[in-house]
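The block underneath contains the structure these notes are about, expressed in structure tokens.
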Number of protein chains: 2
Amino acid sequence: MARKQGSHSEITGPKVRQAALQLFARFGYAAVSMRQIAGEVGVQAGALYNYTADKQSLLFDLMREHMEALLAARKEAVIAGDALAQLEAFTRFHIAYHLERPELVFISYMELRNLEPENFAAIERLRKAYEDELETILQRGAHAGVFVLGDTKIATLALIAMLTGVSGWYRKDGRLPASEVADQYWDLVRKSVGVVG
Amino acid sequence: MARKQGSHSEITGPKVRQAALQLFARFGYAAVSMRQIAGEVGVQAGALYNYTADKQSLLFDLMREHMEALLAARKEAVIAGDALAQLEAFTRFHIAYHLERPELVFISYMELRNLEPENFAAIERLRKAYEDELETILQRGAHAGVFVLGDTKIATLALIAMLTGVSGWYRKDGRLPASEVADQYWDLVRKSVGVVG
DNA sequence: GATTGCGCTGAACGGCTGTTCAATTAAGCT
DNA sequence: AGCTTAATTGAACAGCCGTTCAGCGCAATC
């Protein structure tokens, strides 16, 4: 036996990435075997190596593509305006983007330690670039007197952690719609930088 | 060969837990083998089973003891006073406690998915109890008109995520001392619940 | 100084790991 | 219809996994 009816590279490839994403998110990279991924796709383990160099690349490519897509989407979402408007845009963008891709968000900060050193460095660089987007807004707002902030770096890390945390508990069929969640987080963010409603 | 000079249960037991904690925190539960833990302790893998029923119990016991110690310490740190004072006490307690135990904090929310269902449920119950401490303060403050809050549940989750995030980047030899970090976080928390400085 | 038993070794168990590759099949092209 | 080639199988590789256990050596007790 070999090639099955109607099977193609353009079909199996995405299925492999999707299966890896789902399984890594649910059980963790180290706990998932190539045979498990293959089983989910419907092929034997050996066939996976037509689509990835090795298991590590499967994880790294998912994370890298996620971070690059995040940065590209953020670029599109940048708006003109004062620091407060930009902060609101960043907050709403971050929450919306993260709520739509819970598995990618999850593995991208949960599986960092399973990356080989050079891969880890590459992801960290992308992550830093994203954090800098927020830090720049906070710095500009503080400098302009729009925000009241102590240490800008701590505020950046604290707000990123708060906003990213949303994907840890939000459920699509939960109590509140995504838009209401975004409103609530924006309310907290706005006040935390010293802007009264 | 067998028992070595000067080795005792009271010495090896804690060493096993400590080695497991360090290795789980660094590489993740699934990526660490019993032989690795044994190597760190200085014994053969079989000897570990004098101190734990199995690998899962090693993880679960670390997490359960951490959560129970956290709840016990929190109990000691509760103060009388209005909601604002209580929120400040909670914030400072949380940061101080988490900065002192980075590995335990890390594995306790990173390795949740590696717990067997009943163990997961037990840890989640303890985590919920801790979250409720904060939610109660927020509810009381909002009811008393001290805090200006939208959805209390979201605020609870958002603030917990923000505060716990501190252990993700804080380094003892970093730019700022722990007390200064706590001050900065308290400033953000206070403002986010609508209390102006 | 003999005896007891704790703490540990080292080997073994069955099973799973990531990865490679010759063989095989089917799809697409001429 | 024949040919080429992409896609997959299934077996094999060496090695590691968690866990068990008979046996051994040392410390403490009598």
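Please work out if B:Leu149 is buried (at least 16 other Cβ atoms within 10 Å of the Cβ) and not in a loop (DSSP other than H, G, I, E, B). Here the answer is no, as B:Leu149 does not meet what is asked.
Residues of the range A:138-187 that are over 21 Å from the mean Cα position of the chain (by Cα) and either facing chain B (nearest Cβ under 9 Å) or among the β-branched types (Val, Ile, Thr) (or both): A:Val146, A:Val148, A:Leu149, A:Gly150, A:Asp151, A:Thr152, A:Arg175, A:Leu176, A:Asp187.
Selection of the range A:169-197 for residues being free of Cβ contacts under 8 Å to residues at least 12 places away in the same chain and assigned to a helix (DSSP H, G or I) yields A:Ser179, A:Glu180, A:Asp183, A:Gln184, A:Asp187, A:Lys191. Is it the case that A:Ala83 is buried (at least 20 other Cβ atoms within 10 Å of the Cβ), of a type in the set (Gly, Ala, Ser) and farther than 15 Å from A:Ala161 by Cα? Criteria met by A:Ala83. Out of the residues in the range A:106-137 that are among the charged types (D, E, K, R) and within 11 Å of chain B (Cβ to nearest Cβ), which is farthest from B:Leu176 (Cα to Cα)? Filtering the range A:106-137 for residues that are among the charged types (D, E, K, R) and within 11 Å of chain B (Cβ to nearest Cβ), the one farthest from B:Leu176 (Cα to Cα) comes out as A:Glu111.
Name every residue in the range B:50-85 that is within 16 Å of DNA strand D (Cβ to nearest atom) and either without any contact (Cβ under 8 Å) to a residue 12 or more places away in the chain or within 14 Å of chain A (Cβ to nearest Cβ) (or both), in order of residue number. Answer for the range B:50-85, where residues must be within 16 Å of DNA strand D (Cβ to nearest atom) and either without any contact (Cβ under 8 Å) to a residue 12 or more places away in the chain or within 14 Å of chain A (Cβ to nearest Cβ) (or both): B:Ala53, B:Asp54, B:Lys55, B:Gln56, B:Ser57, B:Leu59. Within the range B:20-49, residues that are charged (D, E, K, R) and more than 8 Å from DNA strand D (Cβ to nearest atom) sit with their Cβ atoms under 8 Å from residues that are assigned to a helix (DSSP H, G or I) and open to solvent by less than 20 Å² (accessible area, probe 1.4 Å), at 6+ positions apart or across chains, in these pairs: B:Glu40/B:Ala19; B:Glu40/B:Leu23.
Looking at this structure, is B:Ala96 open to solvent by 40 Å² or more (accessible area, probe 1.4 Å) and either outside the structural domain of B:Met162 (by TED's automatic domain parsing) or in a helix (DSSP H, G or I) (or both)? Taking the combined requirement at face value, the residue satisfies it.
The values are calculated or read from the model by the stated rules, or taken from the named source; none is laboratory data. Since the model is a prediction, treat every value here as computed from it, not as a measurement. FYI the Cβ positions are ideal-geometry reconstructions off the backbone, even for glycines, and counts take in every protein chain you see. These accessible areas exclude ligands, DNA and RNA; they are computed on the full protein's heavy atoms, side chains included. Shrake-Rupley method; radii C 1.70, N 1.55, O 1.52, S 1.80 Å.
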